[in-house]
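Right, one structure below, let's go through it.
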Amino acid sequence: MPVRYQIEGKGAAEIAASVEAGVRGGELPPGTNLPPVRGLAVQLGVAPATVATAYKSLRQRGLVETAGRNGTRVRSRPPVATRRRAMVPAGTVDLANGYPDHALLPVLDAALQRVAGQLTAPVGYGQSGPWPELVAAGRERLTADGVPAEAVTVTSGTLDAIERLLSAYLRPGDRVALEDPCWANLVDLVAALGLHAVPVPIDEEGPTPDGLRQALAAGADGRSASSRVGVAAVVVTTRAQNPTGGAVSPARAAQLRPLLAARPDVLVIEDDHAAELAQVPLAPLAGAGPTWAFIRSISKPYGPDVRVAVVAGDEASIARVEGRLRLGAGWVSTVLQRLVVELWRDPEVDAAIATARVEYARRRQALLDALARRGVTARGRTGINVWIPAPDEPFAVASLRERGWAVAPGSLYRLASPGGLRVTVSALDPSDVDRLADDVAVAVLDQPSTSGLSR
């Protein structure tokens with residue numbers, strides 16, 4: 001994406017501020033390649049070192065990233081508010097956003113009415129914090145799934161919990177082991193916190209043992225390192241891994257737990273965002289080491305606006321999360337917490353979730369089968385996404401867009417792994433599966449080059 005915005009400034013701080021202003025205003029949207037260091041230096045009449053320093057500061061704040069041979073570009077989700085949003089052209093089917101199907105979300109009306117009946121008096125500051133009934137209900141559900149849940153708290157969703165945990169334990173410059181490919185928002189959050197992502201290869205059963213072993217033992221240069229020079233935290237998605245749909249199997253968990261137990265200094269974070277939507281049983285890593293947290297989000301099954309997650313962990317980690325919450329937002333709305341309790345108690349809501357669980361699996365499998373018939377390799381064991389290897393991502397994305405499909409390029413999710421596409425099935429009409437598979441086959445199997453390998 002060419003730069004049309006005029007970057008200005010004579011000092012590194014001014015240049016960085018000019019780039020940030022372009023990001024905020026939407027003139028430098030996500031994915032925009034910034035001018036090469038030497039080219040911008042000539043244009044501005046400054047030393048190349050000045051531009052390099054500006055770009056370094058932007059990278060440290062998570063606004064931009066190094067894109068290999070493609071230089072420096074604006075991150076997919078820079079940590080500043082922007083005024084321009086990416087638009088999907090009219091007539092294009094949006095299979096890129098990763099959202100659940102609103103038609104499959106449970107209706108909240110009855111539960112909201114029951115909550116309204118409970119609000120006989122305002123909740124004051126003294127009564128704020130984790131709602132006891134939600135904590136008890138969450139503890140019961142997690143314990144039933146094999147997660148130790150003596151210490152439990154509540155946050156405003158998965159990413160909120162992960163940010164508080166990483167901020168509580170890590171400092172800028174520390175390394176975090178992330179699945180590769182990985183949830184794009186998490187990749188951007190790690191960058192915004194000034195942390196360094198260390199890629200861990202994954203397959204349909206979760207992180208590979210060799211990949212995790214190497215991440216736990218290696219520094220940024222890949223050489224054997226002391227414990228603190230290696231990773232300080234590991235983040236694993238237990239089910240419905242975004243973007244590949246993988247899920248940690250019991251056999252894989254049995255292989256990973258000893259590796260984590262051998263590194264008691266490493267924080268282990270598990271993300272179970274799919275929760276009730278997952279069709280495979282949970283195989284948790286929780287408790288493998290002394291410092292851990294298991295996060296179960298409510299948003300994906302029950303609706304994006306139900307911004308609540310139940311977090312279990314060791315006593316110190318939960319205390320740190322609650323402490324940092326009190327210093328900022330204070331607490332998650334007790335109205336929302338009561339709503340979750342009512343949703344969990346409602347058999348009609350349970351039935352709606354069960355219907356969604358089956359329907360997502362049907363759509364996902366239909367696409368996988370259609371792609372297989374056309375010789376296209378794809379993955380999607382659980383969740384609402386399918387991952388399709390694509391050596392030349394830009395060509396594949398553009399080819400599908402010309403045919404009326406918006407899909408997400410793998411560059412948003414990859415750290416070091418090969419190229420791919422993420423296709424969300426929640427908006428996929430069953431009658432369109434074969435047409436989509438035909439178009440994917442053209443976009444992936446007939447690629448003219450492998451120029452899109454760089455992230």
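The values are calculated or read from the model by the stated rules, or taken from the named source; none is laboratory data. Because the structure is predicted, anything quoted here is derived from the model rather than measured. Glycine also receives a Cβ, built like all others from the backbone with ideal geometry; neighbour counts cover every protein chain displayed.
Remarks
- Identity of the residue in segment 56-85, closer than 13 Å to Pro35 by Cβ and without any contact (Cβ under 8 Å) to a residue 40 or more places away in the chain, that ends up farthest from the chain's Cα centre (by Cα): Gly71
- Consider segment 115-137 and keep the residues that are in a helix (DSSP H, G or I) and of a type in the set (A, V, I, L, M). The one that is surrounded by the most Cβ atoms within 10 Å (Cβ to Cβ) is Leu134.
- Residues (in contact with a helix residue (DSSP H, G or I) (Cβ under 6 Å, 6 or more places away or on another chain) and either of a type in the set (S, T, N, Q) or within 14 Å of Asp109 (Cα to Cα) (or both)) located in segment 308-340: Gln337, Arg338, Leu339, Val340
- Number of positions in segment 112-144 that are modelled with pLDDT of 95 or more and small (Gly, Ala, Ser): 4
- Hits in segment 138-161 - residues which are of a type in the set (A, V, I, L, M) and assigned to a helix (DSSP H, G or I): Leu142, Ala144, Leu159, Ala161
- Those residues of segment 138-155 which are in contact (Cβ under 8 Å) with a residue 40 or more places away in the chain and either in contact with a Cys (Cβ under 7 Å, 6 or more places away or on another chain) or surrounded by fewer than 19 Cβ atoms within 10 Å (Cβ to Cβ) (or both), in sequence order: Arg139, Arg141, Asp145, Gly146, Pro148, Glu150
- One residue from Leu159, Leu193, Leu216 being within 16 Å of the chain's Cα centre (by Cα) and touching a residue at least 40 places away in the same chain (Cβ under 8 Å): Leu193
- Tabulated pairs, segment 392-410, first assigned by TED's automatic domain parsing to the domain that holds Ser426 and surrounded by 20 or more Cβ atoms within 10 Å (Cβ to Cβ), second aromatic (Phe, Trp, Tyr) and modelled with pLDDT of 95 or more, C-beta under 7 angstrom, 6+ apart or interchain: none
- Within segment 110-144, tally of residues that are charged (D, E, K, R) and farther than 12 Å from Ala312 by Cα: 2
- The set of residues in segment 372-391 that are of a type in the set (Ser, Thr, Tyr) and buried (at least 16 other Cβ atoms within 10 Å of the Cβ) contains only Thr382.
- Conditions (1) without any contact (Cβ under 8 Å) to a residue 60 or more places away in the chain; (2) surrounded by 18 or more Cβ atoms within 10 Å (Cβ to Cβ); (3) in a helix (DSSP H, G or I); (4) not acidic (Asp, Glu): number failed by Ile202: (3)
- So Ala103, is it surrounded by fewer than 16 Cβ atoms within 10 Å (Cβ to Cβ), more than 20 Å from the chain's Cα centre (by Cα) and farther than 27 Å from Arg171 by Cα: yes
- Condition met for Leu165 (assigned by TED's automatic domain parsing to the domain that holds Asp265, part of a helix (DSSP H, G or I) and touching a helix residue (DSSP H, G or I) at 6+ places or on another chain (Cβ under 7 Å)): yes
- Condition check for Ala351: surrounded by fewer than 18 Cβ atoms within 10 Å (Cβ to Cβ) and over 19 Å from Arg307 (Cα atoms): yes
- Which listed residue is basic (Lys, Arg), out of contact with any helix residue (DSSP H, G or I) (no Cβ under 7 Å at 6 or more places or on another chain) and at pLDDT 95 or above, from Arg357, Arg379: Arg379
- Count of segment 375-423 residues which are among the polar types (S, T, N, Q) and under 16 Å from Ala443 (Cβ atoms): 3
- Filter result for the condition that a residue is over 32 Å from the mean Cα position of the chain (by Cα), surrounded by fewer than 19 Cβ atoms within 10 Å (Cβ to Cβ) and touching a residue at least 40 places away in the same chain (Cβ under 8 Å), over Gly9, Gly25, Gly31: Gly9
- Residues in segment 308-336 that are charged (D, E, K, R) and farther than 18 Å from Val123 by Cα: Asp314, Glu315, Arg320, Glu322, Arg324.
- Number of residues in segment 425-445 that are free of Cβ contacts under 8 Å to residues at least 60 places away in the same chain and closer than 15 Å to Trp387 by Cβ equals 1.
- The single condition from (1) farther than 24 Å from Ala240 by Cα; (2) surrounded by 18 or more Cβ atoms within 10 Å (Cβ to Cβ); (3) modelled with pLDDT under 90 that Ser76 fails is (1).
- From the list Val46, Val88, the one residue that fits, being closer than 30 Å to Thr382 by Cβ, more than 19 Å from the chain's Cα centre (by Cα) and either surrounded by fewer than 16 Cβ atoms within 10 Å (Cβ to Cβ) or not assigned by TED's automatic domain parsing to the domain that holds Leu189 (or both), is Val88.
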